[in-house]
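Structure record follows, encoded as structure tokens.
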Amino acid sequence: MDMKSKILLFNTTADDLVDIQERLSATNYDIVVVTPELSEVSRVSLAGTVDLVMAVTDKRFDQLFSCVQQINLHHPIPVVIFTYDDSRDVIQLAIKAGVSAYIVDGLQAKRVSSILDTARFRFNEQQSIKNELEKAKNTLNERKLIDRAKGILM
């Protein structure tokens, strides 16, 4: 049996989201941390104790985007944001920060699991592409060094 993915739920809304938590626990996900504190999101994510961050927020949260950037820089994991903010600028900021999925007005218990699955698969695919790119860059740099060494020897 597959291990359940551990989720940190960052919730700044008045809702307790119990229906979401119950629905997810019946799938491949377990919400192991629930917090309204961004510092906790950062601390727990960077410690590597969760596999995914799910943010549910009813307001614009620029600090959340810088937190996501830090997570992606130091310990990349998928981040899914559920919000009501459909501003193009905010969506662009979210994508630039490295958010895996930005869902506007779509937090319904029956949909959450498939949204998280899609975000995880997309995130893994992007990580794979990043790794390939890094490998290609390293190979190119090695090739340049070898060519320089050949030039010196000749």
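Where a number appears in this text, it was derived from the coordinates with a stated rule and is not lab data. All values derive from a computational prediction rather than experimental measurement.
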If I build a Gaussian network model for the chain, linking alpha-carbon pairs within less than 10 angstrom, which residue out of Ala94, Ala55, Ala136 has the largest mean-square fluctuation?
Ala136
Where the Cα atoms of the stretch 8-51 are projected onto their three principal axes, how long is each span, largest first, in whole Å?
26, 25, 8
Can you pull the Kirkwood radius for the stretch 94-143, inverse mean 1/r over Cα pairs, to one decimal in Å?
13.0 Å
Expressed in µm² per second, the diffusion coefficient of the stretch 29-109 from the Stokes-Einstein equation, with Rh the Kirkwood radius over alpha carbon pairs, at 10 °C and 1.306 mPa s, is 124 µm²/s
Could you work out the relative contact order of the stretch 1-149, using alpha carbon pairs under 8 angstrom and six or more residues apart, expressed as a whole percent?
21 percent
Rh (Kirkwood, all Cα-Cα pairs) for the chain, Å, reads 17.0 Å
In a Gaussian network model of the chain with springs linking alpha carbons closer than 10 Å, the residue among Asp62, Asp30, Asp51 that fluctuates most is Asp62
